[in-house]
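Since every read-out is calculated from the coordinates, none of them should be taken as a lab result. It should be emphasised that the depicted structure is a prediction, and the values quoted were computed from it without experimental measurement. For neighbour counting, all protein chains shown are included, and Cβ atoms are generated from backbone atoms with ideal geometry for every residue, glycine included.
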Ligand code: ADP
């Protein structure tokens, strides 16, 4: 299977799409946000530094991000295809990633950009709730996968929680960072010729758009 790099504004559907591709095709999902959230729970100086950056919605330093990503990419389970979600986020990271994968002998794969609009994304962020056990995404505002029982996962019955950065203020910062830092990546990958654009306003259109690219 082709490796996939997912680039999109916060809450544009990276997590939801990844969940579908993992279930349907057995992809391995690598989210730098998840890896960083794991680190942020450790009771160490590094854990506290990362935790502060995450709740402010600012980018974590490349030094930290690359160390955890390289460790993840050295694990055997990535060999059959993985989805990179939330990385690269800057032109600098994209260039350093090229060096990293050539050193580790990993294919770049396809770059997929999920397109959406500000108002939809804001609602998704403010209403978003995640399952502690299976990671499934729920929403209390958009009408998509509303929890049937308050704070309980529709899929596995686990407890739902809100991410510390899922509020209006942090969303605004994350969205502005996306426009400023991440959009230049689009040009970078356009020059390489491996970029595809998919509308992410609803789940089914998004999945079929991505499947067309994977089957191409
Ligand atoms: P979202 O895309 O909804 O902001 P993520 O889970 O991808 O959510 O990222 C959450 C936070 O983790 C970001 O706001 C940032 O602080 C940090 N982060 C994730 N990926 C990176 C990265 N590649 N480089 C720097 N910081 C990152």
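For the reader, a short list of remarks on this structure follows.
- From helices alone, the chain scores -14500 deg cm²/dmol at 222 nm; the rule is -39500 (n - 2.57) for each run of n ≥ 4 DSSP H residues, then divide by the residue total.
- Mean Cα-pair separation over length for the chain, i.e. relative contact order, pairs under 8 Å, 6 or more apart, %: 29 percent
- For residue 56 and residue 23, the FRET efficiency from 1/(1 + (r/R0)^6), where r spans their Cβ atoms and R0 equals 30 Å, is about 0.35.
- DSSP-defined antiparallel bridges as percent of all bridges, the chain, nearest 5: 25 percent
- For the chain, modelled as a GNM whose springs connect Cα atoms under 10 angstrom apart, the maximal fluctuation among 70, 191, 23 occurs at 191.
- Contact order for the range 126-216, expressed relative to its length and based on alpha carbon pairs under 8 Å spaced 6+ residues apart, stands at 18 percent.
- 171, 178 arranged by Cβ crowding within 10 Å, fewest neighbours leading: 178, 171
- Structural size metrics of the range 114-164, computed from C-alpha coordinates, are Rg and Dmax of 11.0, 31 Å.
- With R₀ fixed at 25 Å, the C-beta to C-beta distance from residue 91 to residue 115 puts the FRET efficiency at about 0.80.
- Tensor-based shape of the range 137-216 (alpha-carbon gyration tensor, a/c under 1.5 rounded, otherwise prolate or oblate): oblate
- Sites residue 107 and residue 163 - FRET efficiency at Förster radius 35 Å, r taken between beta-carbons, to 0.05: 0.70
- Comparing 55, 200, 170 in a Gaussian network model of the chain, where Cα atoms under 10 Å apart are tied by springs, the biggest mean-square fluctuation is seen for 55.
- The range 56-147 - percent relative contact order, Cα under 8 Å, separation 6 or more: 12 percent
- Cα-Cα separations in the chain greater than 21 Å, expressed as whole percent: 55 percent
- Between the range 125-202 and the range 52-99, the Cα center-to-center distance that results, in Å: 18 Å
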